[in-house]
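Since every read-out is calculated from the coordinates, none of them should be taken as a lab result. Just so it is clear, the structure is predicted and the values come from calculations on it, not from any experiment. Using ideal geometry, Cβ is built from the backbone for each residue, glycine included, and neighbour counts are taken over all protein chains shown.
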Amino acid sequence: MKKKHYKPSDSALKQTRTTEEAPSSLNPRLVQRRKKQIVPTKSVDELVDGIMKQDRVALAQAITLVESAHPKHQETAQKVIEACLPHSGNSLRIGITGTPGVGKSTFIEALGQYIIEQGHRPAILAIDPSSQLSKGSILGDKTRMEKLSQSKDAFIRPSPTGGSLGGVARKTRESILLCEAAKYDVILIETVGVGQSETSVHAMVDFFLLLILPGAGDELQGIKRGIVEMADLIAVNKADGEREKLAKQAKRAYTNALHLFPPKASQWIPPVHTCSALAQAGLAEIWNSVQAFAAQTQSNGFLQQQRNEQALDWFRESISQQLGKIFYENPAVQKQLPEMEAAILDGRLSSFQAAGRLLSLFVNY
Ligand code: GDP
C-alpha cells in the first residue's frame, strides 16, 4: 500500500501566517483575497454585542485578539471573554482525533452538515501542533470543508499558530467560550493525531471521538497507547467499497478490545461504529450515540463533574504557565541561565541543583 506522507499544509484547519490575519468561517477563498487583514479595531462592547448577535465577523475578530500575543489585544480579549463567560457552556464539546489521512476533515465536513440538518449550529476549531512547522503557509490554498464553510450555521476556525502546545490549547479553550456565547451548540475540535495534542483536546471536551482505518491494528495505524482508552466512541472510517468487510472486522476487534478496559468514570460504554465520511454513511448512528452519551452523563452528573474538574485543572495549568513565563523573563534568571546550562553540560551541577540555584535567585530577586 502506498504510504501517505502527511504535510502540515494538508490540514484542513491549518494555521494562518500571523495573528494579524483574521481567518474567518467565511468562504476560504475570501480569506485568500484578504490576506493582509489588519487587527480588528472594534471596542470590547462592539465585539461582545456582535458575538451575542451571532455575528461571525465579530466572533472571528474576537478570536484573533485571543490568539494575538500583543498585550493590548490580550487585554481586550480578556474583557470580551469575561463578558461572554456567563453566556458560555451551553454546548456539547466534541474532540475528534485520528492519524493523518484517516479522514478527519472529510468526516467533520459530513458530520457538520448532518447535524446542521438536525437543527444544530456547529463551530469547528482545531489544535494542530504541526502547524507551527509550516509557519508562513497561506490559508485557503487548498479548500477543504467547502460545503460546511459556506453554511451560515457553521463557523470554522483554523488552528492558532505559534507558542507551545499549552499556549495553543489556551487559545482554543478561550475560543470555545466565545463560540458558545455566539450560540454554537456543538463544538467540534479537530486534532491531528500526532504529538501530545490529543491529551490537550481530551482535557477540554465532553466527548472524545477516535477515527480509525479499517483493518490494521493500533501500532500499524500509528495510534498511540492510551488514545483508544480515552475514546468515548470509535468510528472505523472508509467503510466503503472493498474496505467494508475489513471495517466490520476492525469493528469487532475494537469492540472486544474495549471490553478489556476498566469501566469509565462516566459509566459510558464506548461503542464502535463503521462509517464512510466520503459517502456520508453511518453518521446518524454516530450522532445518536453522541446524544445518548450526553443524555446519560447529564442525568448521572458526570458531564458537569468533568467540566468542573477540567476548569480546576486549567486553573492550575494557567498558574504554572504564567509562573514559567514570569520566571524566564526575570533578569537575574536570564543572566544566570546560560551559566547554569553550561554547568549541567560540564557535569559541575546536576539538573536538579542548577534548577534549585536559579529558583532561589528568582525568589530572592
Ligand atoms: P485527515 O488527514 O484525517 O483530515 O483526512 P482527510 O479528510 O484529508 O482524508 C484523507 C483522504 O481520505 C482523502 O483523500 C479523502 O477523500 C479520503 N477519505 C476520507 N474519508 C473517506 C471515506 O469515508 N472513504 C474513502 N474511500 N475515502 C475517504
Using label points projected 7 Å from each Cα along Cα→Cβ, tell me how many nm separate ASN288 and SER88, to one decimal.
-> 3.4 nm
Pull out the extension gain between GLU146 and LEU312, defined as 0.36 nm times the separation in residues minus the alpha carbon to alpha carbon distance; nm, one decimal.
-> 56.0 nm
Taking the Cβ-Cβ separation of SER360 and LYS264 as r and a Förster radius of 30 Å, what is the calculated FRET efficiency to the nearest 0.05?
-> 0.10
What is the spin-label model distance, in nm, from SER164 to THR255 if the labels are put 7 Å beyond Cα along the C-beta direction?
-> 4.3 nm
So if R0 is 22 Å, what FRET efficiency would SER43 and ALA69 give, r being the distance between their Cβ atoms, rounded to the nearest 0.05?
-> 0.60
Sort all Cα-Cα distances of the stretch 88-299 into consecutive 10 angstrom bins from zero, then give the percent of pairs in each bin up to the one containing the longest distance.
-> 8, 35, 39, 16, 1
Once Lys and Arg are counted +1 and Asp and Glu -1 for all other residues with Cβ under 10 Å from that of GLY95, the total becomes -3
From the square roots a ≥ b ≥ c of the eigenvalues of the alpha-carbon gyration tensor of the stretch 307-363, which class results: rounded (a/c under 1.5), prolate (a/b over b/c), or oblate?
-> prolate
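By counting other Cβ atoms within 10 Å of each Cβ, how are CYS84, CYS179 ranked from fewest to most? List each step's numbers first, then the result.
Details: CYS84 22, CYS179 29.
Ordered from fewest to most neighbouring Cβ atoms within 10 Å, CYS84, CYS179 come out as CYS84, CYS179.
List GLU82, GLU329 from most exposed to least, where exposure is judged by having the fewest other Cβ atoms within 10 Å.
Numbers: GLU82 12, GLU329 9.
Arranged by neighbour count, lowest to highest, GLU82, GLU329 become GLU329, GLU82.
Set the Förster distance to 45 Å, then compute FRET efficiency between GLN298 and LYS248 from the Cβ-Cβ distance, nearest 0.05.
Numbers: r = 32 Å, r/R0 = 0.71.
That gives a FRET efficiency of 0.90.
Arrange the following residues from fewest to most other Cβ atoms within 10 Å of their Cβ: PHE362, PHE352.
Details: PHE362 16, PHE352 9.
If I rank by nearby Cβ atoms, fewest first, I get PHE352, PHE362.
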Distance in nm between GLN196 and LYS183 label points, each 7 Å along Cα→Cβ, equals 3.9 nm
